[in-house]
Amino acid sequence: MLNVSHDLCQFASLLVFSIPNDVFWPYFAGAATLVIGLATSIKNRIGQASGIDKFIVFGPLSFAIGMAIFGADHFVAAKFVAMIVPSWIPGHLFWAYFVGFALIAAALSLATSIRWRLAAALLGIMIFIFVLTIHIPNLFAAPHDKTRLTILLRDLSLSAGALAFAALQTGADFSLQSFRSKLITLARFVIAISIAVFGVDHFLDPTFAPGFPQEGTAIITMPTWIPGHAFWAYLTGAIFIGCALGLMSRRYARLAATILGITVLILILFVYIPLTIAKASDVANGLNYLAIHFALAGAAFFLAEALPAAIAEPVAVPEIQRSSVRQV
């Protein structure tokens, strides 16, 4: 028995060390974050929620998994990432490593719930800086490039979700509460607009895998064992548009954000995990698509947690009651 165990350990070691670094570390970062989150924050929070709200509990961990994978990408592909940094900013390679470290640190914070509101705030601000310094200039340089618009809306949604979650840490001060309310409302509309655009994209390109619209030249399709690819694309597009409409209404915003997050989790389970397995060595067109959908689900659940559980309708007082009160 000891010999068998020793042989298995040797085989596992050889298998791990035979995997290229640019493949191993993104997988390791995502898997380690998942294990840490399940053993800490999820274990403590899952019993406090009930019904459909149990899914909202997975928001921080889901977002953390995506950030951890992208953080590892920054280290193993630092030279490529450095090329994305705007030319007017010095020290391109430094910023590639710095952002990678920031993403992994924030992922660990979100996974363990240690200073996670602060981590969410810093993440939201950092991603919004990417929008301002990289995505908006890129879109202006090529306004008809659909991919650049997709990336801009994608990162705007992630930033909005993270900032909405961070806004929950504001105190009882009236000015802070007012700012919190405005920030969450802005996040609600930013995600609604982005999801509506993505929903329309599903009707324009139903052959692509549902979820975030495609990027680059690679065409990502659903697994072949799933029938009716166009049907699922149309259904996902309809759900996205429905969720966008729900987010624009205060009454159904929390439910819409929760349904959006659950929908993306279902896509992860049936589309992007099989896709990642099929393209295990192709991180850019496999694992990274899994990561971005984990981040989208996390952003949706972030927003859901920031929104009130129910919007109370004003109660009408009967005329007889009012007149009775006046007499008294």
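So the values come out like this:
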read-out	value
Any chance H74 is more than 30 Å from R254 (Cβ to Cβ), touching a Gly at 6+ places or on another chain (Cβ under 7 Å) and modelled with pLDDT of 95 or more	yes
Restricting region 226-251 to residues that are at pLDDT 95 or above and among the hydroxyl-bearing types (S, T, Y), the residue that is surrounded by the most Cβ atoms within 10 Å (Cβ to Cβ)	T236
Flag if G242 is more than 24 Å from F58 (Cβ to Cβ) and of a type outside the set (S, T, N, Q)	no
Scope region 45-68; condition over 13 Å from L110 (Cβ atoms) and of a type outside the set (G, A, S); matching residues	I46, Q48, I52, D53, K54, F55, I56
Residues that are free of Cβ contacts under 8 Å to residues at least 24 places away in the same chain, exposed (fewer than 15 other Cβ atoms within 10 Å of the Cβ) and of a type in the set (A, V, I, L, M), drawn from region 47-80	A49
Region 19-44: number of residues that are under 15 Å from S109 (Cα atoms) and touching a helix residue (DSSP H, G or I) at 6+ places or on another chain (Cβ under 8 Å)	11
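Here's the yes/no breakdown for (1) hydrophobic (A, V, I, L, M, F, W, C); (2) over 28 Å from F231 (Cα atoms); (3) assigned to a helix (DSSP H, G or I); (4) in contact (Cβ under 8 Å) with a residue 40 or more places away in the chain:
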| position | (1), (2), (3), (4) |
| --- | --- |
| A120 | yes, yes, yes, yes |
| H135 | no, yes, yes, no |
| L139 | yes, yes, yes, no |
| L152 | yes, no, yes, no |
| D155 | no, no, yes, no |
| F179 | yes, yes, yes, no |
| F189 | yes, no, yes, yes |
| A192 | yes, no, yes, yes |
| F208 | yes, no, no, no |
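Here's the yes/no breakdown for (1) surrounded by fewer than 21 Cβ atoms within 10 Å (Cβ to Cβ); (2) among the aromatic types (F, W, Y); (3) modelled with pLDDT under 95; (4) at negative phi:
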residue: Y97; (1), (2), (3), (4): yes, yes, no, yes
residue: I127; (1), (2), (3), (4): no, no, no, yes
residue: I136; (1), (2), (3), (4): yes, no, no, yes
residue: A142; (1), (2), (3), (4): yes, no, yes, yes
residue: R148; (1), (2), (3), (4): yes, no, yes, yes
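The values are calculated or read from the model by the stated rules, or taken from the named source; none is laboratory data. Keep in mind it's a predicted model, so treat the numbers as computed, not measured. For neighbour counting, all protein chains shown are included, and Cβ atoms are generated from backbone atoms with ideal geometry for every residue, glycine included.
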